[in-house]
1. Rounded to the nearest 5, what % of DSSP beta bridges with both residues in the range 37-313 are antiparallel?
2. Using every alpha carbon pair in the range 37-313, what percent of pairs falls into each 10 Å bin from 0 up to the bin containing the largest distance?
3. Given H placed 1.01 Å from N in the peptide plane, which residues other than close sequence neighbours of residue 205 have an amide H under 5 Å from its amide H?
4. Could you look at the range 37-313 and say what percent of its accessible area is carbon and sulfur, using a 1.4 Å probe and all protein chains?
5. Restricting to Cα atoms and excluding each atom paired with itself, what does the Kirkwood estimate give for the range 208-314 in Å?
6. Highest first, please rank the peptides 210-216, 94-100 by the mean number of other Cβ atoms sitting within 10 Å of their residues.
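The values are calculated or read from the model by the stated rules, or taken from the named source; none is laboratory data. Remember, it's a predicted structure, so these values are computed and weren't measured experimentally. Quick reminder, even Gly has a Cβ in these numbers, built from the backbone with ideal geometry, and neighbours come from all protein chains shown. Heavy atoms of the whole protein, side chains included, go into the accessibility calculation; ligands, DNA and RNA do not. Shrake-Rupley method; radii C 1.70, N 1.55, O 1.52, S 1.80 Å.
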Amino acid sequence: MAAAAAGLCPYRALLARRGGALRALCGSVRGLAAGPETHFGFQTVTEAERREKIYHVFESVAKKYDVMNDSMTLGIHRVWKDILLHKMNPSPGTLLLDVAGGTGDIAFRFINYVRSARERQLQRKLKHHQNLSWQEISESYQEDKFKSLGDSQVVVCDINKEMLKVGKQKAQHLGYSEGLSWVLGNAEELPFDDDKFDVYTIAFGIRNVTRIDLALQEAYRVLKPGGRFLCLEFSHVSNPLLSRLYDLYSFQVIPVLGEVIAGDWKSYQYLVESIRRFPPQEELKAMIEDAGFFKVDYQNLNSGIVAIHSGFKL
């Protein structure tokens, strides 16, 4: 019996090796079926898992999103967004696509900016009409007043229904309706025709896109020739001392604020981790160029805590 058992040992070893190889092969097949690996914060996940997790993050924080932005940045995010609009410098007639713009911050600023530009246009026009009668001036003023945006439009596109819902509620509360529309859509596969928009913006959104390269290609596709791409995003701090303080604040304070204000520690832990995993300024610049954009540059704000990247479709 002992001899027979000894004779079987090579076969057992062979079967064990084949079994191990088979299990490894099955694991590889399962991995391929689930999709390529990527990251969710500091976790390694499949692309499908990442998309699902990020959807749930923003579904969870939507109602407290704006309050948390004020709390986390001490209100400075408002200044960053104002700088983005001044860099865009839209004129009446501009067609803007704001991707991942769910709660409407960029869209509302765009409308305010264009209204102001339109008002200045109207004032200049009236100055040139000094010889008209009061009635003619009044009629001309009222006619132009009805088109306060001068045919400008902004389309807010977001993948998350809850974020869009909050944005629509804000728009109704603040009285924004003219020239504003809301579309449910994925940045990696936009539901718009080619060569449609004058400007594409994405503010604090591209970091949450699973395939940044696809999102950039889609941005290029939907922009008209001569159109402009603008991205406002958290980036990498250049000052070593500020970088250490920023890390301390990010990892020790922001998740606590998330728990206290939004009742959601994990979502804001992801936020902090996702910022650290995001490509630095030069790498993102190269990715934007790879998508086909020209004259790509970036502007660091607050020593690189955030950066605005700009490029043109020529």
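1. On the way: 18 of 38 bridges.
Roughly 45 percent of the beta bridges in the range 37-313 run antiparallel, per DSSP.
2. 6, 27, 34, 20, 8, 3, 1, 0
3. none
4. Working: 6950 of 13540 Å².
The nonpolar share, carbon plus sulfur, comes to 51 percent.
5. Numbers: mean 1/r = 0.0661 Å⁻¹.
Value: 15.1 Å, from the Cα pair sum.
6. Values: 210-216: 19.7, 94-100: 24.0.
Answer by packing, highest mean first, reads 94-100, 210-216.
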